[in-house]
Amino acid sequence: MLEHRDLDDVIDRISEAVPFDQLQVGRLKKRKLMLKDQISRLESQLLPDIIA
């Protein structure tokens, strides 16, 4: 989760620079999304399935 938050900070800093590298920002956002998905998968493995 730390890397996910760190990527948020990096994306914000790069986006504030003029001009900013859209390709680099896109890559960082993609990496952030992959980490978010990985975190979700790991959390779902830790939590028991509850059938309502």
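Tabulated data for the structure shown
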{"item": "Qualifying positions in region 16-43 - at pLDDT below 90 and of a type in the set (Gly, Ala, Ser)", "result": "ALA17"}
{"item": "When residues of region 4-23 are limited to those that are of a type outside the set (Asp, Glu) and loosely packed, with under 10 Cβ neighbours inside 10 Å, the one nearest to SER40 (Cα to Cα)", "result": "LEU23"}
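The values are calculated or read from the model by the stated rules, or taken from the named source; none is laboratory data. In this text the structure is predicted, and so the values were computed from the model without any measurement. Cβ sites come from the backbone with ideal geometry, for glycine too, and all protein chains shown count toward neighbours.
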